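Below is one structure, written out as C-alpha cells, with a few remarks after it.
What follows draws every value from the coordinates through simple rules; no lab data is involved. What you see is a predicted model, and the numbers here were worked out from it, not measured in a lab. Here Cβ is always computed from backbone atoms with ideal geometry, including for glycine, and neighbour counts include all displayed protein chains.
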Amino acid sequence: MSATEIPAKARELRPEERRQIAEALLDELEPEESPEFIAELQRRAEDALKNSDDCIPWEQVRAELKKKHAWP
C-alpha cells in the first residue's frame with residue numbers, strides 16, 4: 001500500500017480508530033527526552049515558581065504580540 005493509499009483507507013475508519021493510529025505513529029517519531037533535558041525543565045519550572053514576580057502574565061504577552069504583529 002502506498003503513502004497516498006494509506007491515508008485514504010484510514011479515513012474510512014471511525015474517528016477513535018484514526019486517533020489511535022495517529023498517536024501510535026507520532027509516538028514512534030517523537031524522540032525520548034534525555035534525563036538532562038528533564039532536569040533542565042524541572043530546574044526552570046522551580047525557578048519560575050520561586051521568582052514568580054519576574055514572570056509576565058500570558059494575557060500581557062499575547063496583547064503585546066498582537067499589537068506588535070498586527071494580529072487579529
Quiz item: Which distance in Å, rounded to a whole number, links the C-alpha centroids of region 43-61 and region 1-24?
Solution: 40 Å
Quiz prompt | Computed lengthening from Glu46 to Arg62, 0.36 nm per intervening residue step minus Cα-Cα distance | solution = 3.4 nm
Quiz item: With charges set only on the Cβ (+1 for Lys and Arg, -1 for Asp and Glu), what does the dipole of the chain come to about its Cα centre, in debye to the nearest 20?
Solution: 600 debye
Quiz item: Got a sec? Charge dipole of region 5-58, +1 on Cβ for Lys and Arg, -1 for Asp and Glu; which of Gln42, Pro31, Pro15 is way out at the positive end?
Solution: Pro15
Quiz prompt | Within-13-Å neighbourhood charge of Leu41 [Cβ basis; K, R +1; D, E -1] | solution = -3
Self-check item: Stretchable slack from Glu17 to Ser2, in nm (0.36 nm times residue separation minus alpha-carbon distance)
Solution: 3.4 nm
